[in-house]
Each structure stands twice: as structure tokens, then as C-alpha cells.
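Read through the structure below, which is laid out as C-alpha cells, and then see the notes.
The values are calculated or read from the model by the stated rules, or taken from the named source; none is laboratory data. None of the values given here were measured: they were computed from a predicted structure. Neighbour counts are summed over all protein chains in view; Cβ atoms, including those assigned to glycine, are modelled from backbone coordinates with ideal geometry. SASA here: full protein model, heavy atoms, side chains in, ligands and nucleic acids out. Shrake-Rupley method; radii C 1.70, N 1.55, O 1.52, S 1.80 Å.
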Amino acid sequence: MVDAVVVGAGPNGLAAAVTLARAGLRVEVVERNDTIGGGARTAELTLPGFLHDVCSAVHPMALQSEFFRAFRLEDRIELRLPEVQYGHPLDGGRAGIAHRDL
């Protein structure tokens with residue numbers, strides 16, 4: 001018997017499923033695609049052996065996320081931290097830039 005059904009096996013659906021399971025519920029995750037991961041997955045899209053991020057390749061808040069800290073994300077995957085974390089275009093051809101170390 002299932003206590004909860006999570007629709008979608010992207011990052012948010014998987015986080016919800018883990019949270020529910022940790023609370024003691026029996027969880028079923030349903031996904032319409034052939035693979036899990038949603039926009040955070042990697043796939044061989046062009047040539048054999050060439051892997052591409054399907055959607056999001058940058059997760060600037062991953063180390064600050066309460067969920068990821070509890071999940072011990074840094075122990076599960078290698079996070080690469082560039083000096084410039086991300087940028088956002090502004091009017092007039094300018095951009096706001098988030099540096100790792102101010």
C-alpha cells in the first residue's frame with residue numbers, strides 16, 4: 001500500500017519523495033519520461049560518448065539548500081565551483097555577476 005504518490009521524477013519530485021519517505025511514508029514516484037532527473041539530468045544528445053546537460057547545468061544555491069545539506073549532496077556528487085557563480089543580464093547591456101568570494 002502506498003501512502004503518497006509523487007508525480008514527476010525531476011529534482012523537486014525526487015526531493016519531495018525523499019522528504020516523504022524520511023517521514024515514514026511509503027512513496028511511489030511516477031514519471032512519464034524514460035529517465036528520471038528532469039532538467040537536472042545528463043544525456044547523450046548528439047554524438048556517441050558526448051554527454052550534455054539537458055536543461056540546468058548550474059545550481060548556484062546547491063550548497064546553501066537545507067535539503068541538500070541534510071541529504072549530504074557534497075558527499076554524493078562532485079560539485080565544481082567557478083569563481084563567477086552566475087550572471088544576470090540588466091538593461092543597457094550590463095550584467096549583475098555573483099562572485100564566489102566578494
(message) Through the Karplus equation 6.51 cos²θ - 1.76 cosθ + 1.60, θ set to phi - 60°, convert the phi angles of segment 16-24 into ³J(HN,Hα) values in whole Hz; use x for Gly and Pro.
(response) 5, 5, 5, 4, 5, 5, 5, 7, x
(request) Place the peptides 36-49, 73-86, 17-30 in order of packing, highest mean first, counting for every residue the other Cβ atoms within 10 Å and averaging per peptide. (result) 17-30, 36-49, 73-86
(message) Using protein chains only and a probe of 1.4 angstrom, how many square angstrom of residue 65 are accessible, to the nearest 10?
(response) 30
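Taking a quarter of the surface of the convex hull around the Cα atoms of the chain, what do you get in nm²? Walk me through the numbers on the way to the answer.
Numbers: hull surface 39.7 nm².
Convex hull of Cα atoms, orientation-averaged projection: 9.9 nm².
Relative contact order for the chain: what percent, with Cα pairs under 8 Å and sequence separation of 6 or more?
Working: 115 pairs, mean separation 17.0, N = 102.
Reported relative contact order: 17 percent.
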(request) Using a 1.4 angstrom probe on heavy atoms only, work out the carbon and sulfur share of the accessible area of the chain in %. (result) 55
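Based on DSSP, what percent of beta bridges with both residues in the chain are antiparallel, to the nearest 5?
Details: 8 of 12 bridges.
Rounded to the nearest five, the antiparallel share is 65 percent.
How much area per residue is accessible in the chain when the probe is 1.4 Å and only protein heavy atoms are counted (Å²)?
Numbers: 8220 Å² over 102 residues.
Ligands and nucleic acids excluded, the figure is 81 Å² per residue.
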